[in-house]
Amino acid sequence: MQHVTAPEQASWPQDASREHPSEVAPITTLDELAEHASYSLVESLQCDPNATEDGVDHAPRQVFSGHYVPVNPTPIPNPEYVAHSKTLFRELGLDDSLARSADFMALFSGDLTRVPHPMRKVGWACGYALSIYGNEFYQQCPFQTGNGYGDGRAVSVLEAVLNGKRREMQLKGGGRTPYCRGADGRAVLRSSVREFLAQEHMHALGVPTSRSLSLYVSKTEQVQRPWYSEGSHSEDPDILVQNPVAISTRVAPSFIRVGQLELFARRARKQEHPRAMEELEQLVLHLIDREYSGEIDPALGTGEKIVRLARLFRGRLTSLIANWIRVGYCQGNFNSDNCAAGGFTLDYGPFGFCDAFDPAFQPWTGGGQHFAFLNQPAAAERNFHSFCSALQPLLESDHTRLKQLIDIERGFSSAMQSELEQMWAAKLGLSDFNEPLVRELLSLMAHTPVDYTLFFRELSAIPDDITPLKNSFYTEADGTGPVRNSMVATDPEGMNKRWTEWLAQWHSLIDSGTGDATPRSREDIARQMKRTNPKYSLREWFVVPAYQQAMNGDYSRVHELQDVMTQPYDEQSSVVEEKYYRLKPAQYFGAGGWSHYSCSS
Ligand SMILES: Nc1ncnc2c1ncn2[C@@H]1O[C@H](COP(=O)(O)OP(=O)(O)OP(=O)(O)O)[C@@H](O)[C@H]1O
Ligand SMILES: [Mg+2]
């Protein structure tokens, strides 16, 4: 797990050599991949007793108990290869040729009928509950009970141990499940391209995340989704568009969400059935096994494991949120059902990367301010509350540990604060957090306004005066976008003065080396800052042309973005720089689909 720690250690890009499989020859066939299949979830957890074995279970219904439902994915017809992640293939020990091979493609476009033994011919979907900003919801369930909510279009198809790590592979858009709530179970190419690119970009940024394995599109099946007409500035979509359906496969140690623990805790609390408490405990122990086995000794008793789990998840979650803010990422809809209990980023639907810095940046119109960019620490705290509440029933008779759990929950905001302070210090090349410096910076950044990514990258060169920083300032005086009412428009001289004063203060801090055991040169500091502040981020206005072209069968832009965005800290070529190291053009501010969206699926 990456932590925002001392600047010397703040080297977020993953060490590629660690990801490379050992000398073992890469897997080139599905038969070889099948040898690694190992289904811990279905083997150790409870199946819905009302489920059919063949997984033909595609209509909305209530699932009252059990951790999973066997579900047969619905393949997309006439699948075509769009992309695969070479980086993840290498980590898993898969040969690139597999991605275009017929049987691999069949499996990861939803056809399990021909998979080799011991792969299972049926996938599985899980139920989960929803809390929005810490408040329990039932309304989203068609039965108003919570029993019909969960993986509505996500179907896991494989668990395998590859290169010594257990991974689950989950189709997104794999058709209807009992949790589909009457919807089509599909994902369109647009949203699939977004999620596919974003997952690998986040990994390259050094932010824990689910990963992208593959992306296939149907050449013949399309579905309708609400969207924006060309040039629309409306908040809500104003037209319906036909979109090809696609299946992307994501990979993680598990897909257990905070909402999933909540579902079982709610049942246990209400004693909905005789095995409810046991099912909650099984799920929690399974989570520990899948996500925390390296840090929690299996020999410990359950109570102690639970306390350690809470402490570890708190550490991962606070580090995750600090990393999101470090790279300008807004999840957009950080409910408990989009919060992975393993502490990594999950569900790239409503997300966006900040262009013009705004603490209230929120690309998803349905998300509200509570899930906005700098409110994410507070949203995470609510999810952590939901997480701890779900563990509580298991400690009811163990007062000492219950008290420890409560203390861990209470400590969230100071743990979060400390992660944020280390993150801001690292972004600024400092060893210590300096509150007035950061406060003034955030105010200046918002009021100027500046481009979040460009600003920190320009600053990373440690300029002598503010001239280079101005490359990151939005200056169009056309009264649109972020410039309206900004300092650039209303008080340019005052703005220059404040920036100059701020820069002088920052210079004096980096040159004084406060907090450093051995003083660092400006070159060292700049190097560290450039590994903390990415040069490239996956802005929506880069992704739109990529999915638009992909909808016409041209995937070259997707591949180009994949390439650029998986080396986000590197300078890259001048061609790349010209194209992707840029301020967002004024016409995209406020444009539906480019700056905001209400439908993310
Ligand atoms: N087209 C669809 N058909 C069936 N269920 C859907 C569809 N779109 C979304 N859902 C379900 O609605 C719920 C909320 O949607 P949300 O946008 O969070 O999900 P998502 O992007 O599909 O999910 P995930 O969190 O799995 O990445 C989820 O439980 C999801 O499975
Ligand atoms: Mg979701």
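Hull surface divided by four, with the convex hull built on the Cα atoms of the stretch 7-256: how many nm²?
Working: hull surface 65.0 nm².
Answer in nm², one decimal: 16.3.
Just to make sure I understand: if all protein chains stay in place, what is the order of 427, 172 by accessible area at 1.4 Å, largest first?
Greatest to least solvent exposure: 172, 427.
Carbon-plus-sulfur fraction of the accessible area of the chain, 1.4 Å probe, in percent?
Working: 11090 of 22500 Å².
Carbon and sulfur together cover 49 percent of it.
My understanding is that a pair violates if its Cα-Cα distance is over 26 Å; which of 121/165; 535/584; 427/497; 165/219; 470/535 do that in this structure?
Exceeds cut-off: 165/219.
With a cut-off of 8 Å between alpha carbons and a minimum separation of six or more residues, what is the relative contact order of the stretch 141-237 in percent?
Dividing the mean separation by the residue count of the stretch 141-237 yields 18 percent.
Would you calculate the separation in nanometres between label points at residue 560 and residue 475, each defined as 7 Å from the Cα along the Cα-to-beta-carbon direction?
So the two model labels end up 2.7 nm from each other.
Given the peptides 91-100, 184-193, 42-51, arrange them by the average over their residues of other C-beta atoms within 10 Å, most packed first.
184-193, 91-100, 42-51
Among bridges DSSP assigns within the stretch 7-256, what percent are antiparallel (round to 5)?
95 percent
In the chain, what % of DSSP beta bridges are antiparallel (nearest 5)?
90 percent
Rounded to whole Å and sorted largest first, what semi-axes of the equivalent ellipsoid does the C-alpha gyration tensor of the stretch 430-530 yield via the square root of 5 times each eigenvalue?
27, 13, 11
Students often check this: by mean Cβ neighbours within 10 Å, which of 118-129, 393-404 ranks highest, and how do the rest follow? The partial results should precede the final answer.
Working: 118-129: 22.7, 393-404: 15.3.
Highest to lowest by the protection proxy: 118-129, 393-404.
Along each principal axis of its Cα atoms, how long is the stretch 487-593 end to end? Whole angstroms, biggest number first, please.
That works out to 56, 40, 22 Å along the principal axes.
Over all pairs of distinct alpha carbons, what does the Kirkwood formula give as the hydrodynamic radius of the chain, in Å?
Final number for the Kirkwood radius of the chain is 24.9 Å.
What does the charge add up to near residue 263, with Lys and Arg as +1, Asp and Glu as -1, over the other residues with Cβ less than 13 Å from its Cβ?
Values: positive: 257, 266, 267, 269, 270; negative: 48, 136, 151, 262, 272, 279, 337.
Around residue 263, the charge tally is -2.
Just the number: Rg to Rh for the stretch 289-373, Cα atoms, Kirkwood Rh, two decimals.
So for the stretch 289-373, dividing Rg by the Kirkwood Rh gives 1.09.
Over the chain, what is the relative contact order in percent, taking alpha-carbon pairs closer than 8 angstrom and at least six residues apart?
Relative contact order, the chain: 16 percent.
How high is the relative contact order of the stretch 462-601? Use alpha-carbon pairs under 8 Å, at least six apart in sequence, and give a whole percent. Please list the in-between numbers first.
On the way: 89 pairs, mean separation 32.0, N = 140.
Here the relative contact order equals 23 percent.
The values are calculated or read from the model by the stated rules, or taken from the named source; none is laboratory data. Everything numeric here is computed off the predicted structure, so don't read it as measured data. Cβ sites come from the backbone with ideal geometry, for glycine too, and all protein chains shown count toward neighbours. Remember, those area values only see protein heavy atoms, side chains included, never the ligands or the DNA or RNA. Shrake-Rupley method; radii C 1.70, N 1.55, O 1.52, S 1.80 Å.
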